[in-house]
1. How many of the residues in segment 4-13 are touching a helix residue (DSSP H, G or I) at 6+ places or on another chain (Cβ under 8 Å), farther than 19 Å from residue 58 by Cβ and in a helix (DSSP H, G or I)?
2. Looking only at segment 36-52, count how many residues are touching a strand residue (DSSP E or B) at 6+ places or on another chain (Cβ under 9 Å) and either exposed (fewer than 12 other Cβ atoms within 10 Å of the Cβ) or closer than 11 Å to residue 6 by Cα (or both).
3. Picking from 71, 27, which residue would you name as being more than 18 Å from the chain's Cα centre (by Cα) and on the phi < 0 side of the Ramachandran plot?
4. What single numbered condition from (1) exposed (fewer than 12 other Cβ atoms within 10 Å of the Cβ); (2) within 15 Å of residue 64 (Cα to Cα) fails to hold for residue 131?
5. Name every residue in segment 82-116 that is touching a strand residue (DSSP E or B) at 6+ places or on another chain (Cβ under 6 Å) and not in a helix (DSSP H, G or I), in order of residue number.
6. Evaluate segment 50-61: report whether one residue or more is in a loop (DSSP other than H, G, I, E, B), farther than 30 Å from residue 13 by Cβ and at pLDDT 95 or above.
């Protein structure tokens with residue numbers, strides 16, 4: 001597996017050497033362009049693109065309710081000394097919300113054409129119930 005999303009070097013190396021690729025820092029709207037770049041590299045190198053599984057890393061904050069997700073974010077913000085501006089910036093980068101909201105966002109990533117997801121719970125991954133919840137949501141998003 002090669003992780004990254006650079007269209008010129010990283011995805012060329014994926015086409016040349018990898019059986020798996022994990023797109024990192026890639027919004028769902030950008031996935032088709034990344035996959036097209038990988039397709040072009042594979043074609044140029046004579047590689048069958050179907051030999052490569054592509055996943056996409058998603059950094060997630062999920063809780064049963066939006067209020068609990070907000071509380072989880074506030075907890076980590078207090079520990080790290082984040083102000084409201086930093087919290088809002090973090091929420092704009094993360095897949096953030098309750099189970100339904102996060103499920104919809106993960107499904108959007110899957111619908112963009114990747115084969116699977118890799119996920120991280122950087123804010124509330126120390127809470128076992130959040131890990132289980134994300135597992136259920138992730139399985140549902142990747143079921144098709």
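The values are calculated or read from the model by the stated rules, or taken from the named source; none is laboratory data. Quantities reported herein were computed from a predicted structural model and do not represent experimental measurements. All Cβ positions, even for glycine, are placed from backbone atoms using ideal geometry, and neighbour counts span all protein chains on display.
1. Qualifying residue count for the region: 1.
2. Step one: filter segment 36-52 for residues touching a strand residue (DSSP E or B) at 6+ places or on another chain (Cβ under 9 Å), giving 38, 52.
After this cut, where a residue has to be either exposed (fewer than 12 other Cβ atoms within 10 Å of the Cβ) or closer than 11 Å to residue 6 by Cα (or both) as well, the list is 38.
Here the count works out to 1.
3. Values: 27 fails: more than 18 Å from the chain's Cα centre (by Cα).
The conditions single out 71.
4. (1) is the only condition that residue 131 fails.
5. Selection gives 94, 95, 96, 114, 115, 116.
6. No, that holds for no residue.
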